[in-house]
Amino acid sequence: MPSFQLSPDAFGDCFNLDDLPLARPAAGYAVQMLDTDTLLDRISSTFLPVRSPRLDGLFVTFDEAYAAARLWVEANCQMPDEHRLAIVPAGFDNTLERHILIYGVLCAQP
């Protein structure tokens, strides 16, 4: 398994959930695969759709999400800059019992 040198902002700028002006409250940090509605599952280290009942995709801190994203990149990418991952604020809807992408599906290219 290669060990990559990833910059501190490899998955986006570090942020504090309490500092963000969000339309709906965030329940934690999530690692999103860009151009998809999938999040990194904390248990299996695979990407699952936000609607999956098996998904456990909320990290308590940005640093925890970063560490999980880094491990995924090291295990799945030949080159560190090909990862297409972003750390995003995410919510959880208790009624629907599923994760919520507060910003929606983020695109890799504008």
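Checking each residue in the range 20-48 for being aliphatic (A, V, I, L, M), in contact with a Gly (Cβ under 8 Å, 6 or more places away or on another chain) and surrounded by fewer than 16 Cβ atoms within 10 Å (Cβ to Cβ) picks out no residue at all. Among residues belonging to the range 9-19 that are in a loop (DSSP other than H, G, I, E, B) and out of contact with any Phe, Trp or Tyr (no Cβ under 7 Å at 6 or more places or on another chain), point out the one that is most open to solvent (accessible area, probe 1.4 Å). Top of the filtered list is D13. How about the range 56-89: which of its residues are assigned to a helix (DSSP H, G or I), touching a residue at least 12 places away in the same chain (Cβ under 8 Å) and open to solvent by less than 90 Å² (accessible area, probe 1.4 Å)? Matches in the range 56-89: F62, E64, A65, Y66, A68, A69, R70, W72, V73, E74, A75, P80.
Here's a check for you: in the range 90-110, which residue that is free of Cβ contacts under 8 Å to residues at least 24 places away in the same chain and not acidic (D, E) is farthest from I43 (Cα to Cα)? Show your work before the answer.
So the first thing to find is which residues in the range 90-110 are free of Cβ contacts under 8 Å to residues at least 24 places away in the same chain, and the list is 93-96, 103-104, 109-110.
Those still in the list that are not acidic (D, E) too: 94-96, 103-104, 109-110.
Numbers: N94: 20, T95: 23, L96: 21, Y103: 24, G104: 23, Q109: 29, P110: 31 Å.
The selected residue is P110.
The values are calculated or read from the model by the stated rules, or taken from the named source; none is laboratory data. Worth saying up front: this structure is predicted, and the values here are computed from it rather than measured. Glycine also receives a Cβ, built like all others from the backbone with ideal geometry; neighbour counts cover every protein chain displayed. What goes into the accessible areas is simple: the full protein's heavy atoms, side chains included, and nothing from ligands, DNA or RNA. Shrake-Rupley method; radii C 1.70, N 1.55, O 1.52, S 1.80 Å.
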